[in-house]
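Participant: Could you have a look at this structure, given as structure tokens, before my questions?
The values are calculated or read from the model by the stated rules, or taken from the named source; none is laboratory data. Because the structure is predicted, anything quoted here is derived from the model rather than measured. Methodologically, a virtual Cβ is constructed for each residue, glycine included, from the backbone with ideal geometry; neighbour enumeration extends over all protein chains shown.
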Amino acid sequence: MSHSLFYLLSFITLFFALLVVFAKNPIHSALYMVMTFFAITCQYLILNAQFLAIVNFIVYMGAIMVLILFSIMFLNLNQATEPQKSSLLKFAGVISAGLLMLTLVGAIVKTGGGDVPFELIKPDIGLVKNLGKVLFNEFLLPFEIASVLLLSAMVGAVLLAKKEIN
Amino acid sequence: MDIAFIIEKLILISAILGISLVIAMYTTLAERKFAGFFQDRVGPNRAGPWGLLQPLADGVKLFTKEEIIPTNANTFLFVLGPSLSMFTACITTAVIPWGQDLFLFGRQISLQVADINVGVLYVFGVVSLGVYGVMIGGWASNNKFSLLAAVRSASQNISYEIAMGLSIIALLMMTGTLSLREISEQQSGMNWNVFYQPLGFLIFMICSFAETNRTPFDLPECETELVGGHHTEYSSMKLGFYLFAEYINMFVSSAIMASLYFGGYNYPFMHLISNPNIAALLGVAVFFTKILLFIFFFIWVRWTVPRFRYDQLMKLGWKVLIPLAIVNIALTGAGILIFGK
């Protein structure tokens with residue numbers, strides 16, 4: 001049951017991810033990306049990771065994609081002004097993306113598994129209580145460092161955006 | 001899963017959907033009646049006794065109006081916008097506990113559609129999704145005023161979601177659970193959260209006003225600057241959906257405020273009633289009374305306070321509410337440390 005659901009969701013995810021790339025209109029791209037995130041949220045739900053699922057829903061679908069839509073609406077109101085990249089740049093992009101895919105595929109093949117369906121060792125690890133305990137006991141330092149990293153990125157962005165007074 | 005369970009949930013879902021639609025319908029009438037009262041007018045009184053049929057007349061009018069889709073609008077997204085608004089407004093009620101369990105036909109019937117253990121976060125998720133309806137509709141109309149309204153509502157929602165989330169963290173520190181049912185159960189009798197979290201409640205309420213686009217934060221449909229805001233180009237029932245979604249949102253956020261801070265279905269001396277069914281039904285009645293009082297408050301504020309200017313709105317959100325919410329978290333933490341829970 002969950003096995004076939006996984007394949008269905010993977011198909012939906014990849015389908016919308018491809019549409020994100022192929023859509024002509026940037027707004028449509030962003031909306032397809034919302035659908036992609038929604039499918040990924042469902043994937044988390046199958047793995048019984050409720051907290052991760054709902055946070056993915058709130059943060060990615062509810063906040064980040066709204067901001068992306070917001071900036072597209074501001075910046076790219078007509079499609080004619082879209083800058084055209086030179087073919088050299090496009091070529092370089094294709095090669096680097098291909099290399100990235102090669103690395104990812106290699107990494108996944110190396111881990112083994114393959115046909116065996118993935119089984120969770122502790123099925124209720126994704127519940128809020130267990131996740132909180134793990135995050136604030138075993139992984140406290142990396143967690144705090146990650147939050148400081150985010151804070152510094154935010155301060156940096158504010159500093160860059162600030163008008164200089166002279 | 002047995003058949004009885006499915007039937008029970010189906011009845012519950014239809015009842016809740018029906019009740020929320022009827023309440024939203026009559027909130028429109030109540031709003032106009034109270035507006036009349038506040039402005040020393042009579043208000044609608046032609047359709048039926050005391051104007052009671054006015055919402056029906058409005059509904060028929062909206063359904064029979066000509067449906068216009070602008071030539072340069074994106075048709076699919078133009079239709080998707082109001083549908084999404086209505087959809088997100090209706091699905092939040094799934095996690096609200098409407099009352100204690102009923103015992104009927106030898107079964108224990110829960111008056112909550114789904115008791116998921118991340119209930120509060122689910123509400124936030126749906127709230128953050130709600131802005132898409134306005135954004136998509138505003139953009140697809142191909143109208144500069146609609147677009148401005150869409151952009152405004154996006155930034156307003158994002159800004160106030162932060163303060164809302166921070167204000168709820170203090171509450172969660174006290175309750176120690178994300179399930180709305182458990183939060184309601186903890187407030188039995190008069191042990192309501194608002195007595196422990198007055199500041200948190202104030203912040204949460206202000207943010208709910210902003211999230212439901214109600215005055216004084218109704219910038220996305222500010223008539224004086226933006227014609228009709230995000231629904232300038234809409235007509236017929238698609239316009240009706242946008243207007244109606246606002247009233248359902250009001251009902252839902254009143255229900256959330258009542259169940260998070262004002263004890264939900266709890267009332268004083270409830271443990272004295274021995275029959276569990278009567279106690280539960282009284283609880284439902286009390287809960288709806290609380291919700292209606294909150295809806296009245298929404299209306300009262302709308303006809304009392306003028307609209308904010310856009311920069312004032314942002315200043316209030318970022319420079320007042322967010323720091324206050326953080327102070328509230330620190331105070332709650334100190335309180336828990338000193339007094340225990």
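Participant: Limited to region B:30-57, what total is found for residues that are more than 14 Å from B:TRP303 (Cα to Cα), out of contact with any Ser or Thr (no Cβ under 7 Å at 6 or more places or on another chain) and part of a helix (DSSP H, G or I)?
Facilitator: Step one: filter region B:30-57 for residues more than 14 Å from B:TRP303 (Cα to Cα), giving B:42, B:44-57.
So of that shortlist, the ones also out of contact with any Ser or Thr (no Cβ under 7 Å at 6 or more places or on another chain) come out as B:42, B:44-54, B:56-57.
Among the residues that remain, those that are also part of a helix (DSSP H, G or I) are: B:49-51, B:54, B:56-57.
So the count comes out to 6.
Participant: Is it true that some residue in region B:97-108 is under 19 Å from B:LEU178 (Cβ atoms), crowded, with 23+ Cβ neighbours inside 10 Å, at pLDDT 80 or above and within 12 Å of chain A (Cβ to nearest Cβ)?
Facilitator: no
Participant: Filter region B:212-248 down to the residues that are of a type in the set (A, V, I, L, M) and assigned to a loop (DSSP other than H, G, I, E, B) and list them by number.
Facilitator: Within region B:212-248, B:VAL227 is the sole residue that qualifies.
Participant: To continue, here is another question. Could you list, in sequence order, the residues of region B:67-81 that are at pLDDT 85 or above and either assigned to a loop (DSSP other than H, G, I, E, B) or closer than 26 Å to B:LEU121 by Cβ (or both)?
Facilitator: Answer for region B:67-81, where residues must be at pLDDT 85 or above and either assigned to a loop (DSSP other than H, G, I, E, B) or closer than 26 Å to B:LEU121 by Cβ (or both): B:LEU80, B:GLY81.
Participant: Now for a separate question. Condition first: on the phi < 0 side of the Ramachandran plot, at pLDDT 85 or above and within 13 Å of another protein chain (Cβ to nearest Cβ). Can you find one or more residues in region A:121-132 that meet it?
Facilitator: No.
Participant: List pairs: first residue in region A:1-23 and of a type outside the set (A, V, I, L, M, F, W, C), second residue loosely packed, with under 10 Cβ neighbours inside 10 Å anywhere in the structure, Cβ distance under 6 angstrom, at least six positions apart or on different chains.
Facilitator: Pairs that qualify, where the first residue is of a type outside the set (A, V, I, L, M, F, W, C) and the partner is loosely packed, with under 10 Cβ neighbours inside 10 Å, are A:HIS3/A:PRO117.
Participant: Let me ask you something else. When you scan region B:147-201, how many residues do you find that are within 14 Å of another protein chain (Cβ to nearest Cβ), over 18 Å from B:LEU219 (Cα atoms) and among the basic types (Lys, Arg)?
Facilitator: Adding up the residues that qualify gives 0.
Participant: Condition test on B:ILE136, is it out of contact with any helix residue (DSSP H, G or I) (no Cβ under 6 Å at 6 or more places or on another chain), within 14 Å of chain A (Cβ to nearest Cβ) and buried (at least 20 other Cβ atoms within 10 Å of the Cβ)?
Facilitator: The answer is no for B:ILE136.
Participant: State the number of residues belonging to region B:109-128 that are among the hydroxyl-bearing types (Ser, Thr, Tyr) and within 14 Å of another protein chain (Cβ to nearest Cβ).
Facilitator: Let us first name the residues in region B:109-128 that are among the hydroxyl-bearing types (Ser, Thr, Tyr), namely B:110, B:122, B:128.
Now narrow it down to the ones that are within 14 Å of another protein chain (Cβ to nearest Cβ): B:122, B:128.
So the answer is 2.
Participant: Let me ask something additional. Could you list all residues from region A:13-58 that are farther than 25 Å from B:VAL118 by Cα and away from every other protein chain (no Cβ under 14 Å)?
Facilitator: Scanning region A:13-58 gives A:LEU14, A:PHE15, A:PHE16, A:ALA17, A:LEU18, A:VAL20, A:VAL21, A:PHE22.
Participant: Provide a single number: the residues in region B:66-79 that are surrounded by fewer than 14 Cβ atoms within 10 Å (Cβ to Cβ) and either among the β-branched types (Val, Ile, Thr) or touching a Ser or Thr at 6+ places or on another chain (Cβ under 7 Å) (or both).
Facilitator: Residues meeting the conditions: 5.
Participant: Here is a further query. Determine which single condition B:VAL327 fails, assuming it passes every other condition in (1) at pLDDT below 85; (2) surrounded by fewer than 17 Cβ atoms within 10 Å (Cβ to Cβ).
Facilitator: Just one mismatch for B:VAL327, condition (1).
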